[in-house]
Every structure is written in structure tokens, then in C-alpha cells.
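In what follows, a single structure is set out as C-alpha cells and then discussed.
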Amino acid sequence: MVNDGREGLERIKREKFDLVMLDLAMPEFSGYDVVRPLKQDGVLESNNIVVFTASSDVNTLNEIRKSGVKEVFKKPFSLDEITALVEKYRPVG
């Protein structure tokens with residue numbers, strides 16, 4: 001777990017994770033700032049990145065969905081939804 005977008009970006013580039021849960025609204029270095037270089041470097045689609053947002057703006061939601069992230073979760077969400085998300089991306093075996 002990291003609390004800073006820059007650190008998260010570097011870790012995603014260096015390491016392979018089963019699931020990355022990324023909030024779009026982070027101070028100084030947002031989730032968008034993480035997603036853009038991953039897409040430019042061609043590594044976004046090969047990672048299971050799920051973003052969380054409180055935004056209701058249709059254009060924002062469509063833009064992030066088109067970026068190549070696996071899913072967009074609208075806040076607020078339930079514990080059951082998060083549990084199902086983690087199970088969906090849990091490696092088998």
C-alpha cells in the first residue's frame with residue numbers, strides 16, 4: 001500500500017500486482033497522473049488497475065474507462081462490492 005501517487009506509479013512500473021486499487025482524487029499527484037504515463041508506456045492494459053471516483057461527470061467516467069483500466073468504481077461502494085472485486089482478481093491456485 002502506498003499513499004502517494006508518484007510512489008504508486010513507480011511501484012506499478014517495477015512490480016507486478018494481482019490488483020491495483022487507485023483513487024482518482026489524490027492530492028498533488030492524482031490517479032489521472034498515474035494512469036496517463038502507464039498508458040503511454042504501454043503497461044496499463046497488462047495490469048489489473050481499478051479506479052475509484054466520486055465523480056458523476058459522464059465525460060470523466062467515459063475518459064477513464066477508455067484509458068484501459070479494468071474497472072471504474074463509483075464511490076460510495078459497499079464492503080460486499082469490494083470483496084467481490086478482490087475475489088474477481090485473486091489468482092487461482
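Quick note: the coordinates plus some simple rules give every number you see, no bench work behind them. Note that the structure is a prediction, hence the values are computed from the model and not measured. Cβ atoms come from the backbone with ideal geometry, glycine included; neighbour counts cover every protein chain shown.
Of the residues making up region 35-57, those that are exposed (fewer than 14 other Cβ atoms within 10 Å of the Cβ) and in a strand (DSSP E or B) number 0. Look at (1) of a type outside the set (Gly, Ala, Ser); (2) surrounded by fewer than 14 Cβ atoms within 10 Å (Cβ to Cβ); (3) in a helix (DSSP H, G or I); (4) in contact (Cβ under 8 Å) with a residue 12 or more places away in the chain and you find that Tyr32 fails only one, number (2).
Among what's in region 58-93 and is of a type in the set (Lys, Arg) and part of a loop (DSSP other than H, G, I, E, B), pick the residue that is farthest from Val35 (Cα to Cα). Within region 58-93, the match that is farthest from Val35 (Cα to Cα) is Arg90.
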